[in-house]
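Read the figures in this text as sums done on the coordinates, not as results from a lab. Not measured: the values here are computed from a predicted model. When we count neighbours, we look across all protein chains shown, and the Cβ atoms used for this are built from the backbone with ideal geometry, even at glycine.
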């Protein structure tokens, strides 16, 4: 090999080595800068959390693309697809699309005629409303003057609307509440049980004694009746919370068409057994439980088009299912009677509700949690 060739190879090797060293150095520098950026970002996030600045945390997490909600008017525009200027953000425009991530910046309170359909009801894509620890209170102007409902903040994401007592609100047709229906509360007299759903379906009480938290049927001849028009299809949910005073006690309710003897569907708890009964005389039972001096929440969901009934005891994760012969989707009830049929036992009634739809498992569990707090059982 000639001397010039050896020199060229040596120079090439040296240059290649220098390039390799330069490459390694640049990679190390990039890695160091990246690590430093990550450290700074972590420190900044820790600082935001330590300062409790939730707005900046959300902006940081979503890259500034989250849609802020400052006012009740902005809340009503969610999912509208409009481009809206938000003055609180310095006049910045945001698109209120169904796929947007909305962040509550303030506690909100306002009025709306009927149910305000906000998440998840109004969402058609992948959007959601982040609660950010804020509350929403909405007065339904189609109801009575004192009716205000709330939106439930589940894991910081708002879900279904609630009554002011905290129960699920959507589809609520009838609501008797012993806790808020003492003679000094919603009821004007001891002979009327006020329907606080706002639909005016007040019940006439025979006997009955108001406690501070319930209506007590004495076990002799007390009952309650209400005229109430409702269709069973596609689903009706009856939910009640009560306490029975002895092992053989009974609480029953029934829908009827023309008279209290021409019932179309009934259900309740009797002699230790939860059961339903239909107008063909068939009786379906769901379990035997000792409820002596125990408060329980029963949820019965009727689905006539499927000839089916679903029963939940408290927030049972394994509800009972059975067919309901004699029940069809043409049933239209004109009233409800409960704690009668000549079956009188001492019963404390805390709550009785009727919905014109099927409650979800989440709603059943939520109503149960509200009962556990309000009734303390």
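How long is the gain from residue 227 to residue 126 if the chain were fully straight, where each residue apart is worth 0.36 nm and the alpha carbon distance is subtracted? Write out the running numbers ahead of the final one.
Working: separation 101, 0.36 × 101 = 36.36 nm, distance 4.26 nm.
Fully extending the segment from residue 227 to residue 126 adds 32.1 nm.
Based on the Cα coordinates of the range 62-162, what is the per residue volume of their convex hull in Å³?
Values: hull volume 9.5 nm³, N = 101.
Output value, Cα hull per residue: 94 Å³.
What ranking do 116, 244 get, fewest neighbouring Cβ atoms within 10 angstrom at the top?
Listing 116, 244 from fewest to most nearby Cβ atoms yields 116, 244.
Taking neighbour counts of Cβ atoms within 10 Å as a proxy for exposure, in what order, fewest first, do 193, 253, 210 appear? Walk me through the numbers on the way to the answer.
Details: 193 26, 253 22, 210 18.
Listed from fewest to most nearby Cβ atoms, that is 210, 253, 193.
At 7 Å along the Cα-to-beta-carbon direction for both residue 273 and residue 372, put a label point, then send me their distance in nm to one decimal.
3.0
At a 10 Å Cβ-Cβ cut-off, how would you order 67, 283, 375, 354, fewest neighbours first?
Numbers: 67 22, 283 11, 375 19, 354 26.
Arranged by neighbour count, lowest to highest, 67, 283, 375, 354 become 283, 375, 67, 354.
Between residue 306 and residue 73, take the C-beta separation as r, use R0 = 45 Å, and let me know the FRET efficiency to the nearest 0.05.
Details: r = 42 Å, r/R0 = 0.93.
Efficiency at R0 = 45 Å is approximately 0.60.
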